[in-house]
Amino acid sequence: MVSKKISEVLHLCKMANAIKTDKYPFQGHVLIDVRSEAEFERGHIPGAVNIPLLRNEERVQVGTTYKQQGRDAAVSIGYKLLGPRFQDLYEAFKSAGPNPLFYCWRGGLRSYVSATLLEWGGQSVHLLRGGYRAYRQFVQSELAKPRKMLLLGGMTGVGKTEILHVLTEKGFPVVDLEGLASHKGSALGGLGMPCQPSVEMFENLLNSAVSAFPEDQTLILESESRKIGTCVMPEGFWKNMLQSPVLEIKVSQQQRMERLKKEYAQFDAGILAEKTEKLRKRLGGLQCQQATAAILEGRKAEWVKILMGYYDKSYHFFMNENNYMPTVQDWDWQQTEKSFELLKKKLKEHGIEK
């Protein structure tokens, strides 16, 4: 009986338009992810709204029934759980917006049931062919493609992220890796930042950012390690970065120190001391002790100076390890307009113009 109902649902949903993943970013559609809250949290198509057909605990119940009693019993339990909520689901789907595009994990029963429910109300519906799994395969394939890139390098405190923000505002093709990862890449990089996305979600966000620009356009990115906090660059994308030219921003030591003091002034000394302690193996026992004492006693300039020494060594090691041969570009934060004009000329040499 249940299998017959499934066939009826699938038959009714043949009227729905199936959209392939290569149509990303699915402009003109409201993306509705009908997977459970936990699945959505782990990773989803950027911009999608989550209206779970089965909630976390319900999905576990259906999954357990499937393992113990088989498909028919699991589908029967699913219908029993959904029945009382059909009206609420219908209203939620309807209010999500026009031209909805539904997806679940594989583009299977959950998508079909959701689309059919809305279709019964006379709405035009669409399904993502292959579901989220197909989308993930698409993302990984896209990020592995060769892309022209220019990396913005420079030691901690030169203001690379701020320069990237200026370039973004001016309309240059910038992909902000640290913004996507919600982390600044260092041991203190998580301070003041939102929770990091999963590696899976980071890849989705990265693909979304990259795909916003034509494939033949050179992208501007910050020179980063493959790992940014807990986020990891996809292998193919990372290899593209390793083969890309680097423009190294050079700022005076004094300006770097002042910028870093200002950046960390907002944080509690106890938190900074705790983060510093995590660098003990890299700083060495004595330097770690000196840095911790300095920040707790209010000697922030001394603390910054010790950390700058560590970060500078790490930067040089990173550049040498990856065989980067950067072109140096001076920047003066007291003459930003002049510095920006000089940077624009350098970008033009790499084929990047507004």
Practice prompt. For residue 85 paired with residue 161, estimate the spin-label separation in nm (one decimal), with each label point 7 Å from Cα along the Cα-to-Cβ line.
Written response: 3.8 nm
Worksheet item: Tell me, Kirkwood radius of segment 248-301 from alpha-carbon pair distances, in Å?
Response: 12.0 Å
Item to complete: Using a cut-off of under 11 Å, list every residue of segment 96-113 whose amide N is near the label point 7 Å from the Cα of residue 17 along the Cα-to-beta-carbon line.
Response: 99-101
Discussion item. Could you work out the percent of alpha carbon pairs in segment 2-140 separated by over 21 Å, rounded to a whole number?
Written reply: 39 percent
Worksheet item: Mind checking which lysines have their C-alpha under 21 Å from residue 20, skipping anything on the same chain fewer than 8 residues away?
Response: 145
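Rounded to the nearest 5, what % of the DSSP beta bridges within the chain are antiparallel ones?
Antiparallel: roughly 10 percent of the beta bridges in the chain.
Filter 305/344; 305/345; 305/354; 170/300; 160/344 down to the pairs with a C-alpha to C-alpha distance above 26 Å, please. Mind showing how you got there, number by number?
Working: 305/344 31 Å; 305/345 33 Å; 305/354 38 Å; 170/300 34 Å; 160/344 15 Å.
Over 26 Å apart, Cα to Cα: 305/344; 305/345; 305/354; 170/300.
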Worksheet item: Counting only Cα, what are the radius of gyration and maximum Cα-Cα distance Dmax of the chain, in Å?
Response: 25.4, 77
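No value in this document is a laboratory result; all are computed from the given coordinates. Treat the numbers as computed from the prediction; the structure is a model and nothing was measured. All Cβ positions, glycine included, derive from the backbone under ideal geometry; neighbour counts span all protein chains shown.
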